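Visitor: Take this structure, written in structure tokens, and hold onto it; I'll ask about it next.
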């Protein structure tokens, strides 16, 4: 058994994961994003100060054999900010970077929440304009659209940390308490009224008032207009109840939800204009924003959505393990079969043959079980080879010298 | 900075890594192999007993917040054997499975050896015949061929653990000492004579004699013949000096080297017919063999090989960040640009545009820097759009309604 909260990916699971990853990559690239990666293990310090209290408590942390305090990455943004602080001079701004890290948090495993998951992270670095906020939110929307979801299925709720920091200023909350209070406000949307009053104290009333009345800003209206110009405005709404738990967000924040409310947030992100400066001790200051979408909730949503699920199933059915199976009908043809198999593989075809001795019906059975479109049979007719189209049931004798050419023509 | 021995993959590094992974996947699939994955963190026990002393000493191990003794995976085979023991009944044998895990060992970082690397692992499970050994070795050879290496560049040295266990029996070495002695023999090939005599004691003389005289077996000759039938015999030779360090190997073992002897082993593997039974406490017994090839040594070899390096460079040059750049020549055209950008992305094109205000020459400069083939300019001629082929320097005015169609025809 794998550890609790960790997954084995058997080939069918892997294929489903790969379907998700491939779509993530395809859509991110349409936005000009390029892929990067960083280490799954980093110095503990990178997360302790930057990610916030909740993440710090859930770290897989330990002391390595060299006495270093290290942790498995709970998220990708600190690694990205570290890399950008060190290397940004080599790149034209804005950076459009994405990655698909596996991330780790020690928490109680529950539905839609494991101890590891994969995340698409997309970050836009070096552009302060809210145009960048809209571009990134549009990318998040297009990711969902690529799987077959519509504005009837999902909504992105867009908010602004500045809206809340203005509020905290007006309520005279001392700045050092902001991260904790913001995290409490973030949670309060999902908590009963009494719990909110208990946690937020005198701030509870004005916060609940804002939750009821709503709130907005010129910046948020501009982002919404930008999304409308693209034709995806119906996926988005302004909703200041979104705050986000992470400590480092500074401006626009957003989260993607299913309209049915069956799942937790599908994706989330926002601006973190101070993080690169913090991680470079002030040497480099770069405005930045990003979002992450995980594979667990998304995978569940796909499996429960009629269109999305049938798209997935269609894609998996189109990618069988092999194209061709070589049936060895006479043991003395084995060496000839090996030569043919090698030639076909060299041309890129996927091909199998029996490694041990196996009767002919069993070999055809193996061919079909593995999804082969063609079987080639080496037997009595040698040096002619019988080529059988397994779907159509047609069979044709082909001379050995013409075989490779024939197959290349027969398989599209 | 990343931790010592760990790598950041900036986009150019990632692209090079992806080139390697893509070829790995392509060749493994030609052999009918399907991809799987397992957790990077496992119970410590999985490695302590099965992998052997050397690996046990190099584990990234710790106690998690639930009190479990866990370790980052130092290799993939124990995870695979664990998964196969649990699930093999659901699959037709033999299994042809591959994976590309990142693996971790705490050792002194040095050239070609970091604390993490990625490995292609290919395993054939449920077939005891040496035909399977030959099939797997042929796959390892074809992996190298796919990068442009020939039999002049690389050689696979094939040996047999059974050859050595027969030897240990004849020398009356007690069975519980075999793993240690086999590991010592494995190392002795790379050590000075005095050191070998010191480590192996009375076994040193017969071992060195075998190293000098060579040795072979019917099984090994059969494997070589099989490889010759495929036309790749010149990549292989029998060489019993290969033993392999891992504790669990039981039969055929092999390692791939550069003929120039500049690098350590590029790849290695062998039969582990007992491991699945060990990990299922005897419930499941399945013959199996596999090999692994890492990305670090292979990457270095590619960069130093003229043909392999130019293949790599050609592939990277053919995959620019974007296809099209939208030049916004008038601020009032921004909303129109967003609509066009969205339409082109929906058709799969990679496209960027300026997020902030930027003068026109700078926008064209950005287009070229990102590798765009086309620039489209929205300005005075609106509702006509100027489409510029950046390589040819040609420009053409196209009506807005014909634009998407025109571009789809212009870009292959």
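Read-outs throughout are calculated quantities, based only on the coordinates presented, and are distinct from any laboratory measurement. The structure presented is a predicted model; accordingly, all values stated were derived computationally and were not measured. All Cβ positions, glycine included, derive from the backbone under ideal geometry; neighbour counts span all protein chains shown.
Visitor: Ranking request for peptides B:251-259, B:43-51: highest mean number of other beta-carbon atoms within 10 Å first, then the rest in descending order.
Guide: Highest-to-lowest ranking by the protection proxy: B:251-259, B:43-51.
Visitor: Same structure, new question: Using Cα centres only, tell me the gap between the stretch B:19-34 and the stretch A:1-61 in whole Å.
Guide: Using only Cα atoms to place each centre, the spacing works out to 23 Å.
Visitor: For a footprinting-style exposure proxy, rank B:319, B:133, B:295 by other Cβ within 10 Å, fewest first.
Guide: The order, fewest Cβ neighbours first, is B:319, B:295, B:133.
Visitor: Taking a label point 7 Å out from Cα toward Cβ, give me the nm distances from residue B:12 to the same spot in the other copies, shortest first, one decimal.
Guide: 4.5
Visitor: Place the label 7 angstrom along Cα→C-beta at residue B:310 and in each other copy, then list the distances from the first to the rest in nm, shortest first.
Guide: With the label placed 7 Å along Cα→Cβ, residue B:310 yields 5.1 nm.
Visitor: On to the next question. Calculated FRET efficiency, residue A:346 and residue B:394, Cβ-Cβ r, R0 35 Å, to nearest 0.05?
Guide: 0.30
Visitor: Within 10 Å of each Cβ of B:65-72, how many other protein chain Cβ atoms are there on average?
Guide: That average works out to 3.
Visitor: Under a GNM of chain A (C-alpha, springs under 10 Å), which listed residue has the highest mean-square fluctuation: A:269, A:260, A:38?
Guide: Ranking A:269, A:260, A:38 by mean-square fluctuation puts A:260 first.
Visitor: Tell me the label-point distance for the pair residue B:284, residue B:107, using the 7 Å Cα-to-Cβ offset, in nm and rounded to one decimal.
Guide: So the label points at residue B:284 and residue B:107 sit 3.0 nm apart.
Visitor: For the stretch B:367-412 and the stretch A:295-326, what is the separation of their C-alpha centers, rounded to whole Å?
Guide: Their Cα centres are 36 Å away from one another.
Visitor: Sticking with this one: Rounded to the nearest 10 degrees, what's the angle between the helix A:178-188 long axis and the longest principal axis of chain A, both from Cα atoms, 0 to 90?
Guide: The angle comes out near 60 degrees.
Visitor: Taking a virtual spin label 7 Å from the Cα of residue A:369 along the C-beta vector, which residues in the stretch B:76-100 bring their backbone nitrogen under 13 Å of it?
Guide: Those under the cut-off are B:88-96.
Visitor: Counting pairs of alpha carbon atoms under 8 Å apart in space and at least six apart in sequence, what relative contact order in percent does chain B give?
Guide: 15 percent
Visitor: So, one more: How much length is gained on full extension from residue A:25 to residue A:166, taking 0.36 nm per residue of separation minus their Cα-Cα distance?
Guide: Between residue A:25 and residue A:166, full extension yields 47.0 nm more.
Visitor: Have a look at B:296, B:307, B:327 and tell me which one the Gaussian network model of chain B (Cα, springs below 10 Å) gives the largest fluctuation.
Guide: Result: B:327 has the largest fluctuation of those listed.
Visitor: Which distance in nm do the two modelled labels at residue B:90 and residue B:237 give, with both placed 7 Å along the Cα-to-Cβ direction?
Guide: 4.6 nm
Visitor: Then there is this: Note the angle between two axes, namely the Cα long axis of helix A:161-170 and the longest principal axis of the Cα atoms of chain A, as a number of degrees from 0 to 90, rounded to the nearest 10.
Guide: Taking Cα atoms only, the helix is inclined about 20 degrees.
Visitor: How would chain A be classified by its alpha-carbon gyration tensor: rounded, prolate or oblate, with rounded meaning a/c under 1.5 and the a/b versus b/c comparison settling the rest? It would help to have the intermediate numbers written out before the result.
Guide: Numbers: a/c = 2.58, a/b = 2.30, b/c = 1.12.
Prolate, because a/c is 1.5 or more and a/b exceeds b/c.
Visitor: Over the stretch B:324-410, what relative contact order in percent results from Cα pairs under 8 Å that are six or more residues apart? Can you show the working numbers first?
Guide: Details: 119 pairs, mean separation 25.4, N = 87.
Relative contact order for the stretch B:324-410 comes out at 29 percent.
Visitor: So what's the gap between the Cα centers of the stretch B:188-249 and the stretch A:71-87, to the nearest angstrom?
Guide: Rounded to whole Å, the Cα centres lie 45 Å apart.
Visitor: Going out from 0 in 5 Å bins, what whole percent of all Cα-Cα distances in the stretch B:324-410 drops into each bin?
Guide: Percent of pairs per bin, in order: 3, 15, 29, 30, 19, 4, 0.
Visitor: May I ask you to report, in nm to one decimal and beginning with the shortest, the distances from residue A:368 to the same position in the other copies, taking label points 7 Å along Cα-to-Cβ?
Guide: The answer, with the shortest distance listed first, is 6.1 nm.
Visitor: Going by C-beta contacts inside 10 Å, put B:388, B:187 in order with the fewest on the left.
Guide: Sorted ascending by nearby Cβ count, the order is B:187, B:388.
Visitor: What residue in chain B has the Cβ closest to the axis turning B into A, and how close is it in whole Å?
Guide: Its Cβ sits closest to the axis: B:62, 2.
Visitor: Highest GNM mean-square fluctuation, chain A, Cα pairs closer than 10 Å: which of A:302, A:360, A:242?
Guide: A:360
Visitor: Same structure again: What value, in deg cm²/dmol to 500, does the helix sum -39500 (n - 2.57) over DSSP H runs of n ≥ 4 give at 222 nm once divided by the residues of chain A?
Guide: It comes out at -12000 deg cm²/dmol, rounded to the nearest 500.
Visitor: I'd like the FRET efficiency for residue A:382 and residue A:321, computed as 1/(1 + (r/R0)^6) with the beta carbon distance as r and R0 of 30 Å, rounded to 0.05.
Guide: Efficiency for this residue pair is about 0.65.
Visitor: Percent relative contact order of the stretch A:108-262, based on C-alpha pairs within less than 8 angstrom and at least six residues apart?
Guide: Details: 161 pairs, mean separation 61.3, N = 155.
Relative contact order here is 40 percent.
Visitor: Each label point is 7 Å from the Cα along the Cα-to-Cβ direction; what then is the distance between the points at residue A:54 and residue B:306, in nm?
Guide: 5.9 nm
Visitor: Here's something else I'd like to know. What is the helix-to-structure angle for A:360-369, meaning the angle in degrees between its Cα long axis and the longest Cα principal axis of chain A, kept from 0 to 90 and rounded to the nearest 10?
Guide: Taking Cα atoms only, the helix is inclined about 20 degrees.
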